[in-house]
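The values are calculated or read from the model by the stated rules, or taken from the named source; none is laboratory data. This is a predicted model, so every value here is computed, not measured. Methodologically, a virtual Cβ is constructed for each residue, glycine included, from the backbone with ideal geometry; neighbour enumeration extends over all protein chains shown. Surface accessibility is based on the protein's heavy atoms, side chains included, excluding ligands, DNA and RNA. Shrake-Rupley method; radii C 1.70, N 1.55, O 1.52, S 1.80 Å.
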Amino acid sequence: MVWVLAAFILLLFFGCGNADTAPNREKAIQKLEETDKERDFDRLLFLAPRTAEFYWKESIVAMEDATDDRGLAAYARSASYLTGLFIRYINFTSALSIVMPALKKLEAEHYTDNGDYTNLLIFAGCCKAYFNPNDSVANQLFEQAYQRHTDHIKKNPSPTAYRDAVVGYINISYGWLNQGLQGSVSRRQSLHR
């Protein structure tokens, strides 16, 4: 598993021509190799997201001036994956620093008819709900993403469209639930002041 991960990372970096990231790449691979030799699978689970975070950040930087579909697709996918990773680890500050500029760029480039853009809408809603449970924009973002998934199923009723929609609906539900939980905590705290 480690060798597949390391080979994939090397391929991605060499493919992007990122020679200046060679020391960081080597350091990441060395840590993965050490972990594999020690059979420290808990550490591997810790390192894999960090390695992914490094790649997605590099990809976003490399593609931030992209205007063609291929570059925008890479940018959108990297921003979506990185934001999702940050949210998974409850790092909403970092997630928000990625998701809002990404949405702005994709909207400016009119690159919004894809699943990554829809995921970014959900992640933006999750961030806004986390920081302000009463933020009406969070609900608007969730509603927009929900409608986009529903419309996509109507246009293309394929197993992939249904799978993506179910995952999206689950993420929207988590966002709404988090918003409700945060809101009830905020309301309880204000009552006890």
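Descending by average beta-carbon neighbour count within 10 Å, the peptides 142-148, 61-67 line up as 142-148, 61-67, the highest first. Relative to the current alpha-carbon distance between residue 97 and residue 109, full extension at 0.36 nm per residue lengthens the span by 2.4 nm.
Report note on the peptides 79-88, 112-121: ranked by the mean count of other C-beta atoms within 10 Å, highest first, their order is 79-88, 112-121.
For region 82-160, the solvent-accessible area with a 1.4 angstrom probe is 52 square angstrom per residue. The slack in the chain from residue 144 to residue 70, taken as 0.36 nm per residue of separation less the alpha-carbon distance, amounts to 24.2 nm.
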